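Heads up: the structure comes next, in structure tokens.
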Amino acid sequence: MSAIDTDRFREALLEERRRVEAALQNLHDENSRSLSEDAGEETAYDNHLADTATETYDRELDYTLEENSEHVLAEIDAALRRIENGTYGTCTNCGKQIPEERLEALPWATLCIDCQRDQERR
């Protein structure tokens, strides 16, 4: 098996990290105000019930996106640590090399495709 070009993957991970951080900052900026401030009403009760429900749904969706982005950042950071300690590209379950095609699609992958499939079946 050939060695993985960790420099290329490091750059891809750092670029993805910058992209996710920018998206997180955007979510933080969008949600810096309360729901009533977003609605532009003196009180949340001045809004129509459907408008309030839409605002609440949108805010919950943003919180979910924020949580997912933070999870991705943690996975990216873990992948960068694996590059530094020389274990990047090795399946944490079976110890085989993760194919470059998988790492190109998901550079923070910790499992080879077979182990990932096994885990998803459980």
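All of the numbers you see were taken from the coordinates with simple rules; none came from a lab. Keep in mind that this is a model prediction, so the values were computed, not measured. Quick reminder, even Gly has a Cβ in these numbers, built from the backbone with ideal geometry, and neighbours come from all protein chains shown.
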Suppose the filter is surrounded by 13 or more Cβ atoms within 10 Å (Cβ to Cβ) and more than 20 Å from the chain's Cα centre (by Cα); does P99 pass it? yes
Would you point out the residue of the stretch 70-122, among those that are in contact (Cβ under 8 Å) with a residue 24 or more places away in the chain and of a type in the set (S, T, N, Q), that is farthest from H28 (Cα to Cα)? Q97
Of the residues L80, L61, L65, only one is surrounded by 14 or more Cβ atoms within 10 Å (Cβ to Cβ) and either more than 20 Å from R8 (Cβ to Cβ) or basic (K, R) (or both); which? L65
